[in-house]
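Peer 1: Attaching a single structure in structure tokens format; questions to follow.
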Amino acid sequence: MSNDFQPSTLKFILLMAALRESSLANPKNSNDLIRDVEIAYKELCPDGPTKRIAPATIIRHIKTINKSGYMKINTCKNLKDGYYCDSQLFTAAEFSLIAQALYRSPSLSTKETKTLLNKFLNHIDDSGENYLDILAKQIARWSPKRKTPRSTLPNIEKITYAIWHQKEIAFHCYDLDNSNPENLKVRADPLNNKPIEYRVSPYFLVLDNDECYLIAYAPPQKGDKKFLSHFLLTHIADDVRLLGSDNYESIKCMQEYPRYRLDRTLSEQKIMKKLRQINSQWQEERLDPDKDVSRAKFSLDRYMRENPFMYHSPAPVIDIKLHYPPDCLGTILKQFNLSQQDLYAYDTGKTYPDGTPIWSAMLTLQPNKGFYMWLFQQGGRVTVVEPKDIRDEMKKRLAHALAAINAYEKSPDDPISPEDVLVYEKKSTRYKLHDFMEKSMQGLY
């Protein structure tokens, strides 16, 4: 490490780092702090001066830290216990929402979820620590099966870096995200069975239905029109490579950009002013401010609303007229992130056979696989009135589902006999008992 610094300054910084790691449950006295600073200092400066920081200096520095407002360091009621950091940044309520989002997301492995949650330990109040303890035990007992077994944070870091630095990235994709990483197969070209490498210009990482997606541009094999693509993060292989910026495409070159460009919602003047303030950094890294402005002026919220469940295709968005009972209005507003002022909804004056009023509304979105998934979730309560081709497609899908049910019911042999069910339940019970006893011995119950 370079010697062009003051040892006292470095020790002050190391003292703050040591205090940051303390809490009411794990306070640190002067001896603890002196030891922590000394160990950290020797790691950074093995040949530097070895004079220890004095207890009186610690007290003086703590007063300075508290006065600055950077951290709040309290003294324990039992003075011998020393000091603890009381700078909780999150209340229990705030932390519980963040923790649940991390716990539920399939895009993070169980190990990464634990690591992230533990980083909140010194940033939450006592109730938050109790909730963290409960959630940690939940993860230890029942590792969420929906979570990916692979570490995804390294890929997220590379992708985030590429987004900011306007660089292309290259990677392969897995066809399916199986529970066993050894069974993952890289997506291959059906013609020659060679792995497909994607070279993309990344724009956004977004969350939708707990999953993380990359919105990017992947050059097509045929044609010259440029459309956005989506990649499920858990399907991106662990070979993400950073490429140069020569072939990085601005998002404004995409076919969808004219529709989603913000004209009045976001002030371009403010963006350009901010970019001028960091102009030296742009020049040093040879970044194009215009590309970043184009991304900032892209209406990401509207784009996600019009591409349900992050399904996307080159098809244009269309106006879709719906009929639905009044109690479905909230479901529609929530799914498409709209307010009642944004959605023209009205009573048609007609009723369903049971007397329920029929309401109507118009949505503008892409009629892709995600939209049909949402319609099926409504169980027939939401009906597409216009256009006719969507109704026809719904009829085909419903007919296919009905045919599958009829084929099953008319089959001479039930694929799952009552005897098979009993055998399965016995095996399942034995497994659960064994799992309970094993975890009990580990102290998890």
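The values are calculated or read from the model by the stated rules, or taken from the named source; none is laboratory data. Keep in mind it's a predicted model, so treat the numbers as computed, not measured. No Cβ is skipped: glycine too gets one built from the backbone with ideal geometry, and neighbour counts run over all protein chains shown. When the accessible area is computed, the model is the full protein with side chains, heavy atoms only, and any ligands, DNA or RNA have been set aside. Shrake-Rupley method; radii C 1.70, N 1.55, O 1.52, S 1.80 Å.
Listed here are the residues, each with its yes/no results for (1) within 26 Å of R259 (Cα to Cα); (2) of a type outside the set (D, E, K, R); (3) open to solvent by 40 Å² or more (accessible area, probe 1.4 Å).
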position	(1), (2), (3)
L300	yes, yes, yes
P308	yes, yes, no
H312	yes, yes, yes
D319	yes, no, yes
T331	yes, yes, yes
S339	yes, yes, yes
D347	no, no, yes
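Peer 1: Report the residue count in the stretch 115-136 for those that are in a helix (DSSP H, G or I), at pLDDT below 75 and touching a Phe, Trp or Tyr at 6+ places or on another chain (Cβ under 8 Å).
Peer 2: 2
Peer 1: Restricting to the stretch 27-49, name every residue that is over 25 Å from D86 (Cβ atoms) and touching a residue at least 12 places away in the same chain (Cβ under 8 Å).
Peer 2: Within the stretch 27-49, Y41, L44, C45, G48, P49 meet the criteria.
Peer 1: For the stretch 193-218, which residues satisfy the criterion of being open to solvent by 40 Å² or more (accessible area, probe 1.4 Å), part of a loop (DSSP other than H, G, I, E, B) and either touching a residue at least 40 places away in the same chain (Cβ under 8 Å) or closer than 15 Å to E168 by Cβ (or both)?
Peer 2: Across the stretch 193-218, the qualifying residues are E197, N209, D210.
Peer 1: If you don't mind, another one. Among the residues of the stretch 72-95, is any at pLDDT 85 or above, in a helix (DSSP H, G or I) and of a type in the set (D, E)?
Peer 2: Yes, some residue in the stretch 72-95 is at pLDDT 85 or above, in a helix (DSSP H, G or I) and of a type in the set (D, E).
Peer 1: Since R381 meets every condition but one in (1) part of a loop (DSSP other than H, G, I, E, B); (2) open to solvent by 70 Å² or more (accessible area, probe 1.4 Å); (3) modelled with pLDDT under 65, which condition does it not meet?
Peer 2: Going through the list (1) part of a loop (DSSP other than H, G, I, E, B); (2) open to solvent by 70 Å² or more (accessible area, probe 1.4 Å); (3) modelled with pLDDT under 65, R381 breaks only (3).
Peer 1: Considering only the stretch 386-397, I want to know if a residue exists there that is more than 12 Å from K321 (Cα to Cα) and open to solvent by less than 30 Å² (accessible area, probe 1.4 Å).
Peer 2: No, the stretch 386-397 contains no residue that is more than 12 Å from K321 (Cα to Cα) and open to solvent by less than 30 Å² (accessible area, probe 1.4 Å).
Peer 1: Right, something else. I'm checking my understanding of the structure. Among residues of the stretch 28-56 that are of a type in the set (V, I, T) and open to solvent by 30 Å² or more (accessible area, probe 1.4 Å), which one is nearest to M16 (Cα to Cα)?
Peer 2: The extreme case among them is I39.
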